[in-house]
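The values are calculated or read from the model by the stated rules, or taken from the named source; none is laboratory data. These figures come from a predicted structure and were not determined experimentally. Every residue, glycine as well, gets a Cβ built from its backbone with ideal geometry; the counts of neighbours run over all protein chains shown. Note: areas computed on protein heavy atoms with side chains; ligands, DNA, RNA excluded. Shrake-Rupley method; radii C 1.70, N 1.55, O 1.52, S 1.80 Å.
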Amino acid sequence: MVRLLEEVMEDPEVLRDVRDNPTTFRFKEGALMTVTTVHRPPHVTLINHQDGTYSITGPLAQLMDTVATSLNFTYRVVTPPDGTFGTATPNSSWSGMIGQVTRKEAMIALAPYATTWERYQAVDYLHHITHDYASMLNGKGRPEINPWGFVFPLQPLVWAALLAALVVAWLAIVLMGTKPVGSGHLTRSTHLLFQYLRVLLQQNARLDMVGGRERVLVGGWLVVAMMVMWSYSGNLVSLLAVRHIPQPIQKMRDVADDSSQNIIIEPKTIMTHTFSIVKTGDVGSLAALGDVGRIKYVVSSELQCAAETMVSDGHHALITCKLCLIKIISDLFYKTGSRHWWSLGCTNTGWTITFLSTGRVAAPPPPSPSRSL
């Protein structure tokens, strides 16, 4: 029967072999290591079998397999009851995977851990394998049809200027133009106003002009009206060709300022640790949402489900590492065929949550891992 790795490492002969042959050391009779992990794609995927056992796939699983083959040991996979990375409790113990490591229920916590001082005092870290940063996942808006969309090609100031120009040109032709014989003042003024409107609407217009001043006034109005309306027509075609999809969330501050928005984070992670110590800036504004019940906690194994059911409604934003969000978006696109999700990087906000040691394995390492790796 294969002995546990902890028992094997207490053998003086094994320790002597590690010291004398650090580059070629292998467990001669094998060993069994207990590894704890959680379902956290793309780093590690946890598979629950019908017999109650677990297996893992993904980059960290491949790394673990390589180490096991190199040192000649096997491992079994366990998972924490609360499904979290772990945090310190008031009685100085730890929860989650770190709790299992500190209680010696597992030797390695195989997960993308970020470094904190509290964790560093409780466990050891292996060498990092990648860097990552915080990012936010939002639901895209739905296409909107606005009945007043025909006024959007021009700004309100342009519409006001065009109306003022129409009034000025109309008054100028009324006051400076030649009044036909037998035509009433009101009838003539109304006729000229509608003719000017017909020019603006690009309809046939008939204006009887006698003097040179009238020709100049009408010609100037024709040039102004045609230039504006040609520009309006081109912009209107462009707007009608592209559907309007609102994207109200452009930065983290927008989530905090919008009372209808909530954020989703994983419990007992670097995110919750940062929220507990940062009280200013954009991150502080997000941390304050917990005081009004606008922070919801979802374990890592349920993040994709939360993105599909909660983030897609447009009232929730999921904050986690960038690689995880990329995996979630790709899986949801494969499953639904829709692109209703988009990620917003948080690096431009000054957020100092950077996963400098993402991919480290929190646990006391073997005395001398194979250098051939």
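Observations on the structure shown:
- Summing Lys and Arg as +1 and Asp and Glu as -1 over all other residues whose Cβ lies under 15 Å from the Cβ of TYR297 gives a net charge of -1.
- Radius, Kirkwood style, for region 243-295 when every pair of distinct Cα atoms is counted (Å): 11.9 Å
- Sequence-ordered 3J(HN,Hα) estimates for region 302-312 from the Karplus curve with 6.51, -1.76 and 1.60 and θ = phi - 60° stand at 10, 5, 5, 4, 5, 5, 6, 9, 10, 5, 5 Hz, glycine and proline given as x.
- Measuring with a 1.4 angstrom probe and ignoring ligands and nucleic acids, GLU6 comes out at about 70 Å² accessible.
- Region 62-199: C-alpha gyration tensor shape, a/c 1.5 cut-off, then a/b vs b/c: prolate
- Largest-first ordering by accessible area, 1.4 Å probe, given options TRP94, TRP148: TRP148, TRP94
- Spacing of the two label points (7 Å from each Cα toward its C-beta) at SER231 and MET1, in nm: 8.7 nm
- Environment charge at THR87 (Cβ cut-off 14 Å; Lys +1, Arg +1, Asp -1, Glu -1): -1
- Rounded, prolate or oblate (a/c below 1.5 giving rounded, otherwise prolate when a/b exceeds b/c) for region 276-335 by Cα gyration tensor: prolate
- Sorting 51-64, 102-115 by average packing, meaning the other beta carbons within 10 Å per residue, from highest down gives 102-115, 51-64.
- Overall, the ratio between the Cα radius of gyration of region 1-99 and 2.2 N^0.38 Å, rounded to two decimals, is 1.26.
- For region 47-150, accessible area per residue (1.4 Å probe, heavy atoms of protein chains only), Å²: 54 Å²
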